[in-house]
Amino acid sequence: MTQDVEDFLATPEGHTVLANSSVQHLMRQDSSTIDVVAQTFRLSAGEREFLLSCHKGEGLFFALGNHVALRVEASPQEHALATTDPAELAEGQEA
C-alpha cells in the first residue's frame with residue numbers, strides 16, 4: 001500500500017509487486033502523476049478524469065481485469081478509531 005504510485009513505478013521490484021497483485025485500488029491522483037498512472041494501468045480517458053476529480057473515499061478498484069468505480073465509507077465506529085482530526089479527537093475526549 002502506498003499513497004504514491006510512483007513509489008512502485010520507480011523500481012523493477014515495484015513493477016513486479018504491481019504485476020503480481022491480484023487487486024489494486026487507485027484513489028485520487030495528482031495531475032503531475034496521472035499520465036504515468038494512466039499508462040501503467042491502461043486507463044480510459046473517463047477513468048483518468050475520474051481519478052483527477054474523485055472525492056474522499058472514491059477510487060477505481062481493479063480485479064480480474066475489470067475496473068470498477070468504488071466509494072469506501074467508514075462506519076461511525078471505524079471512523080472514531082481511525083480519525084486523526086484534532087477537533088474530532090478533542091470532541092471525543094470531552095464525551
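Step through the residues of the stretch 61-76 one at a time and calculate ³J(HN,Hα) from phi using the Karplus curve (6.51 cos²θ - 1.76 cosθ + 1.60, θ = phi - 60°), rounding each to whole Hz and writing x for Gly and Pro.
The phi angles translate into 10, 10, 7, 6, x, 9, 10, 10, 5, 9, 10, 9, 10, 6, 5, x Hz.
Set Lys and Arg Cβ to +1 and Asp and Glu Cβ to -1, take the dipole of the chain about its Cα centre, and tell me which of 55, 92, 37 lies farthest positive.
37
Per residue Cα convex hull volume for the chain, in cubic angstrom? Spell out each step's value before the answer.
On the way: hull volume 12.2 nm³, N = 95.
It comes to 129 Å³ per residue, whole-number rounded.
Using each residue's phi in the stretch 16-25, evaluate 6.51 cos²θ - 1.76 cosθ + 1.60 at θ = phi - 60° and report the 3J(HN,Hα) Karplus result to the nearest Hz, with x for Gly and Pro.
3J(HN,Hα) across the stretch 16-25, in whole Hz: 5, 4, 4, 5, 9, 7, 6, 9, 9, 9.
Taking R0 as 30 Å, what's the FRET efficiency between residue 73 and residue 11 from their Cβ-Cβ distance, rounded to 0.05?
After rounding, the FRET efficiency stands at 0.35.
Mind checking the dipole of the stretch 6-94: about its Cα centre, +1 per Lys or Arg Cβ, -1 per Asp or Glu Cβ, Debye to the nearest 20?
480 debye
Ordered by residue, what ³J(HN,Hα) values in Hz, to whole numbers, does the stretch 29-36 give under the Karplus form 6.51 cos²θ - 1.76 cosθ + 1.60, where θ = phi - 60° and Gly and Pro are x?
10, 7, 4, 6, 10, 4, 5, 5
Only the coordinates and a few stated rules stand behind these numbers; no lab work does. The shown structure was predicted, so the numbers you read here are calculated from the model rather than taken from an experiment. With ideal geometry, Cβ positions are generated from the backbone for all residues, glycine too; neighbour counts draw on all protein chains shown.
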